[in-house]
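S.K.: Here it is, the structure in full.
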Amino acid sequence: MLITLIACIGEPVLFTDNIETRIDLGTDDALTTPYVKSAAFELTLAPGFAPDITDWSLESSEPEILEIGARRIEDGKLIHTATAHAPGEVELQAIDDKGKLVDAAVVEVKAPTRLGIAHNSAVATDDETVYADEVPLVLVDGTSTWRVEYFAADDEKLHGQAQDLTVAAEEFAGAELLLGVYHEASDFAQATPTEPGTYTIDVSIGELSEQIPFEAVPLEALAGLALDRTPEDDDTAEEIVVVFGENDEGRSIAGVHPAWVVNGVEKEEQGDVLFYQSNDADAVDNPVTASFEGHELSFDIHANAADVFSTNEPPGCSTSGLAASLSMVLAGLLAARRRRA
């Protein structure tokens, strides 16, 4: 009878984590596995057909691989901290108030064999052609951010924010490690050069290391502004525009944060990302102007309102811990094809 009940109604509980921020929970578990070794995150046990689970517990079959920590209760859900200590498979176990195993989900922890580095504008727009130079250009006193990704054998993507990751730059003191979220909780390396020159950020975890070289260029190198934007179509109602600098050779320059005027109204915020929704029934084409240090870029958007963000401030970004939630919807656009304008 229990088997029939589960098949018709769903699982007694649902297992989720706070790494993937675009999940549609539905009636299925939503665990972003495999996790990268040393990742720290939260696991949530939510009621399925079990009406009250506040006296239940969440346990790990192999705490030396994945440790379950402190818990709290929110809206009838159990939320536990978790830390991935070592490679291996783990069964997450939902234990009811009588000590009975009611439900379980298997997750895996893996050690990375490769690091991947992508400029944050490329992450936001899913366009690898932006800042694709072997040695990217960054404006002096501007800020540039790169996302760090983890891969196991066969280029399998690993998830979570690795607590063992370090960033360093001997040539200057402007490099730091950020923790934040776009479409999932991620690690970011960020730099703000103060003098022209060629610099390198060293990113490492365990025995793995990658270098992020870049060239800091003065304001005089900025010849104009350019943009990357999502196509406006019926399939993608949420649109973004990323503005960046260019030199006289057409190479992208990171670190510009323009002021914006949308339909004649000056925006209070400055940043290199403009977000808007193009599917409002009363939306019309409206002019937009981005300006930075005497350079202007004008274009139209099919929207009556827009918000300004920065690729250097991932939503919920923090230098002290895991971001709580996704406050910006850039990540929802990553499945759409981008075009270079």
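The values are calculated or read from the model by the stated rules, or taken from the named source; none is laboratory data. In this text, all values refer to a predicted model and were calculated from it rather than measured experimentally. Counting neighbours? That spans all protein chains shown, and the Cβs are built from the backbone with ideal geometry, glycine included.
S.K.: Six or more apart or on different chains, Cβ under 8 Å: which pairs go from a residue in segment 79-95 that's in the same structural domain as SER60 (by TED's automatic domain parsing) and more than 11 Å from TYR35 (Cβ to Cβ) to one that's modelled with pLDDT under 95 and not in a strand (DSSP E or B)? Could you list them?
M.R.: Short answer, once both residue conditions are applied: LEU92/LEU31; ALA94/PRO12; ALA94/ILE53; ALA94/TRP56; ILE95/TRP56.
S.K.: Same structure, new question: I'm trying to understand the selection: among the residues of segment 61-78, which are crowded, with 20+ Cβ neighbours inside 10 Å and over 26 Å from THR166 (Cβ atoms)?
M.R.: Scanning segment 61-78 gives a single hit, LEU78.
S.K.: Tell me, yes or no, whether segment 200-218 has at least one residue that is surrounded by fewer than 15 Cβ atoms within 10 Å (Cβ to Cβ), among the charged types (D, E, K, R), not in a strand (DSSP E or B) and not assigned by TED's automatic domain parsing to the domain that holds THR166.
M.R.: Checked segment 200-218: no residue is surrounded by fewer than 15 Cβ atoms within 10 Å (Cβ to Cβ), among the charged types (D, E, K, R), not in a strand (DSSP E or B) and not assigned by TED's automatic domain parsing to the domain that holds THR166.
S.K.: Something else: Considering only segment 271-311, give the strands (runs of 3 or more DSSP E) lying wholly within it that have at least 3 residues that are within 28 Å of the chain's Cα centre (by Cα) and not β-branched (Val, Ile, Thr).
M.R.: Ranges flagged: 273-277, 285-292, 295-302.
S.K.: May I ask you to list the residues in segment 309-341 that are touching a Leu at 6+ places or on another chain (Cβ under 6 Å) and either small (Gly, Ala, Ser) or at pLDDT 85 or above (or both)?
M.R.: SER318, ALA341
S.K.: Suppose we keep only residues that are at pLDDT 85 or above and not in a strand (DSSP E or B) within segment 181-199. Which one would you say is nearest to the chain's Cα centre (by Cα)?
M.R.: The qualifying residue nearest to the chain's Cα centre (by Cα) is THR192.
S.K.: Collect the residues in segment 243-270 that are small (Gly, Ala, Ser), farther than 16 Å from VAL140 by Cβ and in a loop (DSSP other than H, G, I, E, B), keeping them in residue-number order.
M.R.: Listed by number, the residues that qualify are GLY250, GLY264.
Yes/no per residue for (1) buried (at least 17 other Cβ atoms within 10 Å of the Cβ); (2) among the hydroxyl-bearing types (Ser, Thr, Tyr); (3) at pLDDT below 95:
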site: ALA254; (1), (2), (3): yes, no, yes
site: PRO258; (1), (2), (3): yes, no, no
site: ASN263; (1), (2), (3): no, no, yes
site: GLY271; (1), (2), (3): yes, no, yes
site: TYR276; (1), (2), (3): yes, yes, yes
site: ASP282; (1), (2), (3): no, no, yes
site: GLU293; (1), (2), (3): no, no, no
site: ALA303; (1), (2), (3): yes, no, yes
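S.K.: Could you grab the pairs with beta carbons closer than 8 Å, sequence gap of 6+ or different chains, first residue in segment 143-162 and free of Cβ contacts under 8 Å to residues at least 40 places away in the same chain, second one among the aliphatic types (A, V, I, L, M) and surrounded by fewer than 23 Cβ atoms within 10 Å (Cβ to Cβ)?
M.R.: GLU149/LEU115; GLU149/ILE117; GLU149/ALA118; PHE151/LEU115
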